[in-house]
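Since the structure comes first, as structure tokens, the remarks are kept for the end.
The values are calculated or read from the model by the stated rules, or taken from the named source; none is laboratory data. Source: prediction; values computed, not measured. Every residue, glycine as well, gets a Cβ built from its backbone with ideal geometry; the counts of neighbours run over all protein chains shown.
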2 protein chains.
Amino acid sequence: MDFSSFLTSLGTSFVIFLVLMFLFTWLSRRPGNFVVYYPNRILKGLDPYEGIRLTRNPFAWIREALASTEADVINMSGVDSAVYFVFLTTVLGILVLAGLLLLPVLLPIAATSPGVKADNTTSEGSFNDIDKLSMGHIEVKSPRLWAFVAATYWISFVAYCLLWKAYKHVSNLRAAALMSPDAKHEQFGVLVRDIPPVPEGQTRKEQVDSYFKSIYPDTFYRSMVVTDGKKVNKIYDELEGYKKKLERAEIIYAESKQTSSPEGTRPTTKTGFLGLVGKKVDAIEYYDEKIKELIPKLEAERKVTLKEKQQCSALIFFTDRVTASSAAQSLHATMVDTWTVMNAPEPRQLIWTNLPKNFHEREMRQYVIYFIVFLTIFFYMIPIGLISALTTLENLKKLLPFLKPVVDQKEIKTVLEAYLPQLALIIFMALLPKFLLFLSKKEGIPTQSHVERAASGKFFYFSVLNVFIGVTIGSTLFTTMKVILKDTGKIVPLLGASLPKSATFFLTFVALKFFVGYGLELSRIVPLIIFHLKKKYLCKTEAELKEAWAPGHLGYATRVPGDLLILTIVLCYSVIAPLIIPFGVVYFGLGWLVLRNQALKVYVPSYESYGRMWPHMYKRIMTTVILFQATMLGYFAVKQFYYTPILIPLPILSFIFVFICQKKFYRFFQSTALEVASRELKEKPNMEVVFQSFVPPSLSSEKGDEDQYEDALSHVSRTGSTV
Amino acid sequence: MDFSSFLTSLGTSFVIFLVLMFLFTWLSRRPGNFVVYYPNRILKGLDPYEGIRLTRNPFAWIREALASTEADVINMSGVDSAVYFVFLTTVLGILVLAGLLLLPVLLPIAATSPGVKADNTTSEGSFNDIDKLSMGHIEVKSPRLWAFVAATYWISFVAYCLLWKAYKHVSNLRAAALMSPDAKHEQFGVLVRDIPPVPEGQTRKEQVDSYFKSIYPDTFYRSMVVTDGKKVNKIYDELEGYKKKLERAEIIYAESKQTSSPEGTRPTTKTGFLGLVGKKVDAIEYYDEKIKELIPKLEAERKVTLKEKQQCSALIFFTDRVTASSAAQSLHATMVDTWTVMNAPEPRQLIWTNLPKNFHEREMRQYVIYFIVFLTIFFYMIPIGLISALTTLENLKKLLPFLKPVVDQKEIKTVLEAYLPQLALIIFMALLPKFLLFLSKKEGIPTQSHVERAASGKFFYFSVLNVFIGVTIGSTLFTTMKVILKDTGKIVPLLGASLPKSATFFLTFVALKFFVGYGLELSRIVPLIIFHLKKKYLCKTEAELKEAWAPGHLGYATRVPGDLLILTIVLCYSVIAPLIIPFGVVYFGLGWLVLRNQALKVYVPSYESYGRMWPHMYKRIMTTVILFQATMLGYFAVKQFYYTPILIPLPILSFIFVFICQKKFYRFFQSTALEVASRELKEKPNMEVVFQSFVPPSLSSEKGDEDQYEDALSHVSRTGSTV
């Protein structure tokens, strides 16, 4: 790829971004689109118009984003979002500080270097302008390499300092949120799993109650045994479905009264599959009948579920926060695989079906899934390698000679060269997250936030291994396949040697990602179109309309690994080709701005884990730093630099830094410190409300069935009366 | 070494043992020796004579040992002793089950083997009878080696089964002891370390009290701030010394009244160094005066210490066991390095000087000491290797030719060959434990039991590395030094190749250890002689006499690694030379008997850790098993056995087994399960007594100083009154 095709790509991307931004400015001012551009504000009951009438400036959203404080973010979008911004700020800080020193120092050193013989760095023989500004332009064994060694150390230490500060800051954010005087329901509960089999003559409920009552006689409030809700949920969903359909049918009927005849047309439906086959009946009557039929059925199933489908897991509620968070940290039974206790998650992020999975099953599932992920990572290596090898134009021409006349046209060639490999990569990466989320859920993890963290980790390792290492080596795949086959130990020097050649590929990749990616993100073109289509042709009731504009959440499982991939690319090239640093800065800077806007106005968090995502982000940033240091070691070795071992202390330092940080800070992210939990509450919460908030909707009954003592939810237990 | 010298050694050892045992039978029946042979019973207030008058049978102690139950051991000597017997039983079980299969199967297979050419196994060319029964006698690539493979698997699986059962059993023992209805004082307390600096306007005491009161408003009882007691302890010791001397002087005076003149001779002393120099004065008056002088000094220093020498550590007492054990497991502050909380140990095993050492200092000390231990292990390697190489007679003759005429005499040669290397080794090993205990204490560990565990671990790795590997390779050191220098990677096959040659050395070593070692242990000749000498010439007062027969404790720090070294030797040779198994069985069987006797009648435990030693024993037994498996891999490779890789799953299985066991059982050994702590008490203990039991004697004052609220022990805190 030469310099002009790179500029073309950059220019096109920038134009696309500008267009999308103006589109956003224009569209977001129309009241009909407010639900798409301000759903978070609307759902919070705030005025979406605020500040909008005041200005027609297309950059107003930038000013608003910059003016917002961390407290605003926490208010509007929760601690997890605030932590995500700490992540962005930290990475941005590292790159800015790196750029401030590296750009003015390294670029002149590289540019004024006498240069190397063409056969050494670029096998294609076409030496271009960008490459002149990179470390590849320095001849081997040159003393100028000392400057690059210093740069490697500088970036490492900047990363250590900023990460240390960030970890401390996030720790404080978490503490502040957890010690807030507004009681959070989940702070009063713990989740118990792996309850041993019920002893003779007791029900599960009695077993659980008597166990916890004897340990916490004063603070135990009430327990909720987890039940197998598969059947009751099915009936409940069916009932809710009919209720929605009934509402819809009634609205259609009412509308028909206004539009066609005064008595209206009663809507009809068919009794068979999806309302498409079977006997034609009056819809309202049919749904009404179905609802009347299902209500007692649900009630009966509810009772059966509560009484007979109790599982080996329960939620326990205490009357104070300290007991709950201390219980979650304590060993209850002598064996670790029974009565496992952990903090209760928020009710909305509980994955009920995973709760009864027992300890050994969870362990086994975990290892099996790690193995599947391992296979996935290494099987995808092959297709990605092939794609990136195929999509260099030279290779395309070699493999598909009939394309040659088309591809040789200058404009087509430029565009293809600029976009083709990157697009292939982006589309490819979009298919994976769902699969990883599915796998993580199958591990038996009890909470949604944890599942997302687990998937995010898998995705990160996948991206780094496949995209970064795969593409770097893959771009010279056909020429170097022989080397790899001969000696796999040569991968590290090979990686070092291949890096500079892939630099421009990644420059384009990063630019495409930030301009087009963030442009689409900000303008919300896709959700807008979908919303308007749904509104026009599908939605009849208020609930349906609300569903159509529901904004979703930030989606850490894919967003964080995506950012980390960019960071890996930018960091690893930062010293080799410092020109990449400004691109990284723009990516994270623009990301910060756009997502600040989205967090404040659009996305609604689907859970709150009080920053538990941070240690994972931290660990992966450090993985990136270590990978950067290893790459530099390899690259200096390729440059035959005599003093390369001077870099060896860096990865060791990184490991020590990770060890110290994790030891000092990590435990507070696993459990709540009692000092924090013991802060005074504004008012003692109504424990009954706390309890009810955990009851799944399919099981919450309006009638008080409190007298049935063997029921999974019941209040009174027979403890005293059983022998 | 030939067969006759081996039999000589064995015979001599056995005779020594018999002599010692009869000596024990004879001596232990004399009432004057009761305090040496039954101190534990006497200190427990039991009748030492019980069962003795009934029989004059020299084997009566064996019957008594066999008849005793685990409950007896726990009653007389605590859970730690019972756990030590579980360890002995388990190891004995492994060896017995191994012997039952290996002896009848492998010995005939080895003996009937056609045998190898002499130049292959024994470079000395003298082929002896014992070697014929070992695996060394099987020729290379022989299909007979399959039997040895099966034996390796058999021993591994026997070890897994018995260890699993033992871990479960010990876990139950620990649970039973901890849930005992008799409240133990330490169960109501926690130890807090790393308390942050005192905030402005508060005292340390107030800081601690207000912190824990806010977290545990209902169950907090009282706190005791740790003080720097160096000076007050010095005065206290001085005072106690004078009190003892006064008592002694008074007794001497009283005796002189009876023996010489009716008015008696007043004893005198000198005021200078150790009572040897300086002015001669009347002893009773002088001591009296000194005591009167020191009492107010002590009282003053006590007040200063309690008020002004408070350290960043404290003991906190709660009114119930569940809170204490749950607090010990919970994170209190957001940073792990402040307000570190752990279970309070028994007062008698607290190492006060280590308590105020802060988190980072402890971490640093730990790594520094690991490094020192590492150096120790590898520097001792050289002398031990030299000793064992020198002490083969052949080498002695080569190096010191003037010894030749002496050594060549048949009797001297036999005795020397039998004992010389082993004695050198045993004496050498006796010097180390004190040093390792000292090092472990310097790590900043807060309890005596933990220090002993840490020292025991260091000693184990030292023994195995130096004695076993060092001697095995060292015995062929001069011939193989060249090989090691050329290629260090060859150590494993070298180890395999050297093993059979060292087999007889170790047979003798084990035999010497059990016959002479346990003979001395049982007969207690040395303590008996020391006691009688002290009684006759030194002791005057009752206290001095009691001190003279104080039996000490079992001394796990050296005993356990010693046993484990024998186990390592026996296990590693078990398949190669199955003849060693009966020796191992006798060692552990005799050990069990002798120590059962000693635990029931002699030793008094100096602390109770409720079996926390077990996970360490377990881990080291498994290390031994893995070492055995690795040795077998190496040895089969030396035998050029084609199917050697069939043994590779064994070490992997061992690691998985260790992982599973530690995961399932270990946490309960770190902290008390709440289920256990919540068992009902016979009666609620008097909290004031609990508190006072932790006050060090130098600080406990008879007067109640409760009104001094800023004092480290005081009851009432100013919490309310400070802003």
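Checking each residue in the range B:311-322 for being under 20 Å from B:Arg193 (Cβ atoms) and within 14 Å of chain A (Cβ to nearest Cβ) picks out B:Ile316, B:Phe318. Across the range B:176-208, the qualifying residues are those that are away from chain A (no Cβ under 14 Å) and part of a helix (DSSP H, G or I), and the one among them that is farthest from A:Ala673 (Cα to Cα) is B:His185.
Among the criteria (1) among the charged types (D, E, K, R); (2) closer than 30 Å to B:Trp549 by Cβ; (3) part of a helix (DSSP H, G or I), the one B:Arg612 does not fulfil is (3). Hey, any hits in the range A:301-310 for a residue that's buried (at least 22 other Cβ atoms within 10 Å of the Cβ) and either outside any helix (DSSP H, G or I) or within 14 Å of another protein chain (Cβ to nearest Cβ) (or both)? Scanning the range A:301-310 turns up at least one residue that is buried (at least 22 other Cβ atoms within 10 Å of the Cβ) and either outside any helix (DSSP H, G or I) or within 14 Å of another protein chain (Cβ to nearest Cβ) (or both).
I'd like to check something: does the range A:527-541 contain any residue that is among the hydrophobic types (A, V, I, L, M, F, W, C), surrounded by 15 or more Cβ atoms within 10 Å (Cβ to Cβ), in contact with a helix residue (DSSP H, G or I) (Cβ under 8 Å, 6 or more places away or on another chain) and at pLDDT 85 or above? Yes; the residues of the range A:527-541 include at least one that is among the hydrophobic types (A, V, I, L, M, F, W, C), surrounded by 15 or more Cβ atoms within 10 Å (Cβ to Cβ), in contact with a helix residue (DSSP H, G or I) (Cβ under 8 Å, 6 or more places away or on another chain) and at pLDDT 85 or above.
So, in the range A:243-296, of the ones that are of a type in the set (D, E, K, R) and not in a helix (DSSP H, G or I), which residue ends up farthest from A:Lys231 (Cα to Cα)? If we take residues in the range A:243-296 being of a type in the set (D, E, K, R) and not in a helix (DSSP H, G or I), then A:Glu263 is farthest from A:Lys231 (Cα to Cα). Kindly check whether there is at least one residue in the range A:272-286 that is within 30 Å of B:Val322 (Cα to Cα) and of a type in the set (Phe, Trp, Tyr). Checking the range A:272-286: not a single residue is within 30 Å of B:Val322 (Cα to Cα) and of a type in the set (Phe, Trp, Tyr). Scoring A:Gly264 on the criteria (1) over 37 Å from the mean Cα position of the chain (by Cα); (2) more than 30 Å from A:Tyr286 (Cβ to Cβ); (3) not aromatic (Phe, Trp, Tyr) leaves a single failure, condition (2). I'd like to know if the range B:321-344 contains one or more residues that are polar (S, T, N, Q), in contact with a Gly (Cβ under 9 Å, 6 or more places away or on another chain) and assigned to a helix (DSSP H, G or I). The answer is no, given that none of the residues of the range B:321-344 is polar (S, T, N, Q), in contact with a Gly (Cβ under 9 Å, 6 or more places away or on another chain) and assigned to a helix (DSSP H, G or I). Residue check: is A:Ser475 assigned by TED's automatic domain parsing to the domain that holds A:Phe628, at pLDDT below 60, of a type in the set (Ser, Thr, Tyr) and in contact with a helix residue (DSSP H, G or I) (Cβ under 9 Å, 6 or more places away or on another chain)? For A:Ser475, the condition - assigned by TED's automatic domain parsing to the domain that holds A:Phe628, at pLDDT below 60, of a type in the set (Ser, Thr, Tyr) and in contact with a helix residue (DSSP H, G or I) (Cβ under 9 Å, 6 or more places away or on another chain) - is met.
On inspection, A:Gln692 qualifies as within 19 Å of A:Glu346 (Cβ to Cβ) and polar (S, T, N, Q). Pairs meeting the criteria (first residue in the range A:667-691 and within 13 Å of chain B (Cβ to nearest Cβ) and under 17 Å from A:Gly611 (Cα atoms), second residue part of a loop (DSSP other than H, G, I, E, B) and β-branched (Val, Ile, Thr), beta carbons under 8 Å, at least 6 apart or on different chains) are A:Arg667/B:Val336; A:Phe668/B:Thr334; A:Phe668/B:Val336; A:Ala673/B:Thr334; A:Val676/B:Thr334. Considering the range B:633-689, and only residues there that are polar (S, T, N, Q) and over 24 Å from B:Cys161 (Cβ atoms), the residue that is surrounded by the fewest Cβ atoms within 10 Å (Cβ to Cβ) turns out to be B:Asn686. Inside the range B:328-346, residues that are within 7 Å of chain A (Cβ to nearest Cβ) and over 14 Å from B:Phe359 (Cα atoms) make up a count of 5. Scanning the range A:283-300 for residues being loosely packed, with under 15 Cβ neighbours inside 10 Å and farther than 15 Å from A:Leu699 by Cβ gives a total of 5.
When B:Ala430, B:Ala418 are screened for being touching a helix residue (DSSP H, G or I) at 6+ places or on another chain (Cβ under 8 Å), in the same structural domain as B:Tyr610 (by TED's automatic domain parsing) and at pLDDT below 90, only B:Ala418 passes.
Please enumerate the residues belonging to the range A:347-365 that are farther than 19 Å from A:Gln207 by Cβ and either touching a strand residue (DSSP E or B) at 6+ places or on another chain (Cβ under 6 Å) or within 11 Å of another protein chain (Cβ to nearest Cβ) (or both). Across the range A:347-365, the qualifying residues are A:Gln349, A:His360, A:Glu363. Is it the case that B:Glu238 is in contact (Cβ under 8 Å) with a residue 40 or more places away in the chain and buried (at least 22 other Cβ atoms within 10 Å of the Cβ)? No, not satisfied.
Conditions tested, residue by residue: (1) modelled with pLDDT of 85 or more; (2) under 26 Å from B:Ile621 (Cα atoms); (3) surrounded by fewer than 15 Cβ atoms within 10 Å (Cβ to Cβ).
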position	(1), (2), (3)
B:Asn33	no, no, no
B:Val36	no, no, no
B:Asn57	no, no, yes
B:Leu66	yes, yes, yes
B:Ser81	yes, yes, no
B:Leu103	yes, yes, no
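Kindly indicate whether A:Ser113 is assigned by TED's automatic domain parsing to the domain that holds A:Leu173 and assigned to a helix (DSSP H, G or I). So A:Ser113 fails the test.
Annotation note: of A:Phe655, A:Phe659, A:Phe669, A:Phe641, the sole residue that is under 29 Å from A:Met622 (Cα atoms) and in contact with a Phe, Trp or Tyr (Cβ under 7 Å, 6 or more places away or on another chain) is A:Phe669. For first residues located in the range B:284-297 and in the same structural domain as B:Gly241 (by TED's automatic domain parsing), partners that are small (Gly, Ala, Ser) and lie 6+ apart or on another chain with Cβ distances below 9 Å form the pairs B:Ile284/B:Ala249; B:Tyr286/B:Ala249; B:Tyr287/B:Ala249.
Contact map, the range B:603-623: first residue touching a residue at least 24 places away in the same chain (Cβ under 8 Å), second residue in a loop (DSSP other than H, G, I, E, B) and among the acidic types (Asp, Glu), Cβ cut-off under 8 Å, separation 6 or more or different chains; pairs are B:Tyr607/B:Glu346; B:Glu608/B:Glu346. A:Ser313 - would you say it is in contact (Cβ under 8 Å) with a residue 24 or more places away in the chain, crowded, with 20+ Cβ neighbours inside 10 Å and within 30 Å of B:Gln329 (Cβ to Cβ)? Taking the combined requirement at face value, the residue satisfies it. Scanning the range A:650-666 for residues that are over 16 Å from A:Asn172 (Cα atoms) and either at the interface with chain B (Cβ under 7 Å from one of its Cβ atoms) or under 23 Å from the mean Cα position of the chain (by Cα) (or both) yields a total of 2.
Residue count for the range A:206-222 under the criterion of being without any contact (Cβ under 8 Å) to a residue 60 or more places away in the chain and buried (at least 17 other Cβ atoms within 10 Å of the Cβ): the result is 1.
The residues in the range A:210-252 that are in contact with a strand residue (DSSP E or B) (Cβ under 7 Å, 6 or more places away or on another chain) and within 14 Å of chain B (Cβ to nearest Cβ) can be counted, and the count is 5. Do we find a residue being within 26 Å of B:Leu20 (Cβ to Cβ), under 15 Å from the mean Cα position of the chain (by Cα) and assigned to a helix (DSSP H, G or I) anywhere in the range B:571-587? So far as the range B:571-587 goes, no, none of its residues is within 26 Å of B:Leu20 (Cβ to Cβ), under 15 Å from the mean Cα position of the chain (by Cα) and assigned to a helix (DSSP H, G or I).
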